[in-house]
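Single-structure report; data block below.
The values are calculated or read from the model by the stated rules, or taken from the named source; none is laboratory data. Quick caveat: nothing in here was measured; it's all calculated off a predicted structure. Cβ atoms come from the backbone with ideal geometry, glycine included; neighbour counts cover every protein chain shown.
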Amino acid sequence: MRSIPVLLVLLAGGCVTQSTFDALRAEHDETAEQLTQRNQQLRDAESKITTLTASGKSLEAALADEKEKVSDANLRIARLMAEMASASKDKNKLQASIEEMTVAISDLEKRRAAAEARVAEFKSLLAKFKSLIDAGKLKVRIVDGRMVVVLATDILFASGSANLSKDGKTALAEVAQVLASIEKRSFQVEGHTDNVPIATAQYPSNWELASARAVNVLKAMVDSGLPSGRVSAASFGDSRPSGGNDSPEGKAQNRRIEIIIVPDLSGLPGFDELQKAEKAG
């Protein structure tokens, strides 16, 4: 590419025509214009590079900031998941506790209902035996959680005998009618004596005497209408005193017939489980 000094030399030598000069001049101007454009392009490129470099740094900073945000978010997510897992465990424990409490409350409700039913039954029994209680022929008590009708043997039998007196038979007929009206319940007649020993051919000990008395009471009640399949007899002799044997009053208290109203276990909590265990065994 030619330059201005070359043109001047050529002109000074006088060997260049005007047309050649003009052509060279135009070429020079064009070259100068191209250089100017290229310089401008170079400056524009440098400006863009500077801008891109700044943008790149800005993007790097923004990327680093986003990475930090992502890292913080991951930490928060991890904490939340841990809290959720802990809450889930607590929820399961709470649910288990609620279920246990529900079962316990249900069991207590059943026990309460059973207790109320026993109280109601006891009150009903007292009402049914009221006339006999008022006449002093018997007592109704709760013994070891069981309802017991207590009859003094001095009213039923002569001393050392198992033969029922006339008044005894009358009283037992009334008792049998009341017991027969109590549906779906069984009864056990128990004979008790004081500790005064007996040794006769018919009754070698208090066991035999108490046994004979219990059986005769059972027979009298069955004859009066109490179903035989709902009553049994037992003898305890003098092994279960109700009072002290060191006084006439205590001994009289020990000479007794107790009619036990056998508890209905089917209404008690856990009875179904007992039946299942029995069948499984």
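Checking each residue in the stretch 122-144 for being of a type in the set (D, E, K, R) and assigned to a strand (DSSP E or B) picks out LYS139, ARG141.
Being in contact with a helix residue (DSSP H, G or I) (Cβ under 6 Å, 6 or more places away or on another chain), in a helix (DSSP H, G or I) and in contact (Cβ under 8 Å) with a residue 60 or more places away in the chain is a condition met by at least one residue of the stretch 101-115. Of all the listed residues (GLU208, GLU183, GLU174), the sole one being surrounded by 15 or more Cβ atoms within 10 Å (Cβ to Cβ), on the phi < 0 side of the Ramachandran plot and under 50 Å from the mean Cα position of the chain (by Cα) is GLU174. Please determine whether any residue of the stretch 100-108 is at pLDDT 85 or above and closer than 30 Å to THR193 by Cα. No. In the list LEU94, LEU7, which residue meets the criterion of being of a type in the set (A, V, I, L, M) and at pLDDT below 80? Answer to the selection: LEU7. Residues that are of a type outside the set (S, T, N, Q) and either in contact (Cβ under 8 Å) with a residue 40 or more places away in the chain or surrounded by 16 or more Cβ atoms within 10 Å (Cβ to Cβ) (or both) within the stretch 191-205 comprise GLY191, HIS192, ASP194, VAL196, ILE198, TYR203, listed in sequence order. With respect to (1) within 19 Å of VAL178 (Cα to Cα); (2) surrounded by 14 or more Cβ atoms within 10 Å (Cβ to Cβ), the lone exception for LYS251 is condition (1).
Given the criteria within 22 Å of the chain's Cα centre (by Cα), among the β-branched types (Val, Ile, Thr) and in a helix (DSSP H, G or I), does VAL119 qualify? Break it down stepwise before answering.
Details: within 22 Å of the chain's Cα centre (by Cα): no; among the β-branched types (Val, Ile, Thr): yes; in a helix (DSSP H, G or I): yes.
No: the conditions fail for VAL119.
Taking every residue in the stretch 165-190 that is without any contact (Cβ under 8 Å) to a residue 40 or more places away in the chain and assigned by TED's automatic domain parsing to the domain that holds SER211 and pairing it with any residue that is part of a loop (DSSP other than H, G, I, E, B) and exposed (fewer than 15 other Cβ atoms within 10 Å of the Cβ), at least 6 positions away or on another chain, the pairs with Cβ-Cβ distances below 8 Å are SER165/ALA158.
Evaluate the stretch 147-156: report whether one residue or more is touching a helix residue (DSSP H, G or I) at 6+ places or on another chain (Cβ under 8 Å) and either exposed (fewer than 13 other Cβ atoms within 10 Å of the Cβ) or free of Cβ contacts under 8 Å to residues at least 60 places away in the same chain (or both). The answer is yes; a qualifying residue exists.
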